[in-house]
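The structure appears right after this line, and notes come after that.
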Amino acid sequence: MIKSKNQPLISYIITIFNKEKFIKHVIEAVLAQTHEYSFEIILVNDGSIDNSLKLLDRFSKKDERIFLFNQTNKGPPFACNLGLKHARGKYIKFVDGDDILVPNATSNLIQPFLKDTNEPILSFSRNVKTFQKLEISLKKFFEKNKPYINQNKNYIYHENFIQKSLHVSNMNLSCTFFERQTINSFGGCNEKIFCPDYYIELMMSARGPFVESTDLIFYNPIEDKSRISENEGQVLHDLNFALQEFFLVNKEFSKLYGKSSLKRAASRQLNYIKKYYWKEMSFKFLLIYFLSSLKIIAVNEQNFSKTRQAFKDIRFPNGLKY
């Protein structure tokens, strides 16, 4: 099939690793979006060892708007960046391989960008619901899961979201919508950090206002042990790693928020040790927390690195290590 060469307005980037049971619903949910804008779907298979690649290939061969790219397993940031490399749309909508968008998700998130004033850097929604099992078809799935019907189309404008972002992670990539040129301006996902979401949030929030929708945006499975979010140590480690990398390239924010963020990172590590490995409590973990609490410690890569050393079973993209 000859693929479409027309310039799409929206590029959906769907990253997949061993998601064969979700693929059909995830892609069909994107195809069923209620907007009328031109779009393309970029499928990135991150070295799946199940039946995912075969299913993805079928979709790409029957629709000229769907493009498939395959790579050896390198991890989420590499998969996302491969998708960005091939994206042609003005706007980017990331979708994780088991997230099912509600029909009006895109039309909801694109609206703030179509206004004449106060165009945001990013729009997002934190309204996400879980499901326990897939129905046989997408139609039956939405017949059973109907909360998306009564949407309010309410938006909250955040002029200075960076303060919220530095305090806590607020979203994953599937929650977001933004211009391709914005994420490309800082090189996309940081390929040293396994979970790319928080780093992207930080880098985006440093560049301008966010607009938050209160409406439901997607469903994801309630218990999928393959999801990165199921590994608490991985998530917490990568939050601290994202802060480290953010302040490394944003010195102006380091002066304003660096010490409080370092304290938060040290506290995150200490709480993790107390919860799971209190018998392994070390003086060095107490020291970094104590010094950061007193704010008498330098905000630099070395000290942020000390807030990542207690986390267990950490994965790094493409086999990278400390």
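Just a yes or no: is a residue in region 146-157 surrounded by 23 or more Cβ atoms within 10 Å (Cβ to Cβ) and either among the acidic types (Asp, Glu) or closer than 19 Å to Glu179 by Cα (or both)? Checked region 146-157: no residue is surrounded by 23 or more Cβ atoms within 10 Å (Cβ to Cβ) and either among the acidic types (Asp, Glu) or closer than 19 Å to Glu179 by Cα (or both). Of all residues in region 49-59, which are under 24 Å from Thr176 (Cβ atoms) and either surrounded by fewer than 22 Cβ atoms within 10 Å (Cβ to Cβ) or of a type outside the set (S, T, N, Q) (or both)? Within region 49-59, Leu56, Phe59 meet the criteria.
Scanning region 167-193 for residues that are crowded, with 22+ Cβ neighbours inside 10 Å and not small (Gly, Ala, Ser) yields Asn172, Leu173, Cys175, Thr176, Phe177, Phe178, Ile183, Cys189, Asn190, Ile193. You will find that of Phe178, Phe186, the residue that is under 21 Å from Tyr91 (Cβ atoms), in contact with a helix residue (DSSP H, G or I) (Cβ under 8 Å, 6 or more places away or on another chain) and assigned to a strand (DSSP E or B) is Phe178 and no other. Inside region 268-284, residues that are in contact (Cβ under 8 Å) with a residue 40 or more places away in the chain and farther than 12 Å from Phe311 by Cβ make up a count of 0. So in region 289-307, with the set limited to residues that are outside any loop (DSSP other than H, G, I, E, B) and under 29 Å from the mean Cα position of the chain (by Cα), which one is nearest to Ser169 (Cα to Cα)? Filtering region 289-307 for residues that are outside any loop (DSSP other than H, G, I, E, B) and under 29 Å from the mean Cα position of the chain (by Cα), the one nearest to Ser169 (Cα to Cα) comes out as Phe304.
With respect to the conditions (1) touching a helix residue (DSSP H, G or I) at 6+ places or on another chain (Cβ under 9 Å); (2) surrounded by fewer than 21 Cβ atoms within 10 Å (Cβ to Cβ); (3) in contact (Cβ under 8 Å) with a residue 60 or more places away in the chain; (4) over 17 Å from Ser205 (Cβ atoms), Glu135 lacks only one, and its number is (3).
Here is a list: Ser267, Ser305, Ser229. Which entry is within 27 Å of Phe78 (Cβ to Cβ), at pLDDT 90 or above and of a type outside the set (Phe, Trp, Tyr)?
Result of the check over Ser267, Ser305, Ser229: Ser305.
The single condition among (1) within 20 Å of the chain's Cα centre (by Cα); (2) surrounded by fewer than 17 Cβ atoms within 10 Å (Cβ to Cβ); (3) not β-branched (Val, Ile, Thr) that Phe78 does not meet is (2). Regarding region 237-256, can at least one residue be identified that is part of a helix (DSSP H, G or I), among the polar types (S, T, N, Q) and out of contact with any Phe, Trp or Tyr (no Cβ under 9 Å at 6 or more places or on another chain)? Within region 237-256, not a single residue is part of a helix (DSSP H, G or I), among the polar types (S, T, N, Q) and out of contact with any Phe, Trp or Tyr (no Cβ under 9 Å at 6 or more places or on another chain). Selection of region 63-75 for residues being surrounded by fewer than 20 Cβ atoms within 10 Å (Cβ to Cβ), touching a helix residue (DSSP H, G or I) at 6+ places or on another chain (Cβ under 7 Å) and not in a strand (DSSP E or B) yields only Lys74.
Screening the candidates Lys93, Lys61 for the property of being under 22 Å from Val128 (Cα atoms), basic (Lys, Arg) and assigned by TED's automatic domain parsing to the domain that holds Ser123 yields one hit, Lys93.
The values are calculated or read from the model by the stated rules, or taken from the named source; none is laboratory data. Predicted model, so just to flag it, every value in this text is computed and none were measured. Positions of Cβ are backbone-derived with ideal geometry, glycine not excepted, and every protein chain shown enters the neighbour counts.
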